[in-house]
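What follows is one structure encoded as structure tokens, with my remarks underneath.
Nothing in this text is a laboratory measurement; each read-out follows from the coordinates by a stated rule. In this text the structure is predicted, and so the values were computed from the model without any measurement. Ideal geometry is used to build each Cβ from the backbone, glycine not excepted, and the neighbour counts take in all protein chains shown.
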Amino acid sequence: MRWREVAYPLGPQDRTTLLCSPGFDVAVWDTWPTLAAGGTLVVPPAEVRTSPSDLAAWLADEQITGDVPAHAAGRGGTRRAVAAPHRTQADW
């Protein structure tokens, strides 16, 4: 988890998401870094998680500032690109 803190720093101003089931073991990656940093963890409705267009709109509406899903951690963080399309991967 330490490398994640360095690679994807979070703070109290951040709003992140929990897209996977909380019973999934890697949900720890979505949950604890945000809470430990004092940020806000936002859980989307089930129907939003299954629709890419609804998810993109929801991320913008909820003002998600940063997050890296466990499955995309090694690929630059797809949610960040959706949540803030005006920023490039180099910004993260």
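Within 10 Å of each residue's Cβ, count the other Cβ atoms and sort ASP25, ASP14, ASP30 from fewest upward.
Lowest to highest Cβ neighbour count: ASP25, ASP14, ASP30.
Return LEU10, LEU59 ranked ascending by Cβ neighbour count within 10 Å, so the fewest neighbours appear first.
Ranked by crowding around the Cβ, least crowded first: LEU10, LEU59.
Fewest first, what order do TRP58, TRP32, TRP3 take by the number of other Cβ atoms within 10 Å?
Sorted ascending by nearby Cβ count, the order is TRP3, TRP32, TRP58.
Mind listing the long-range amide H neighbours of VAL42? Cut-off is under 5 Å, sequence gap 5 or more, other chains count too, H placed in the peptide plane at 1.01 Å from N.
THR16, THR17, LEU18
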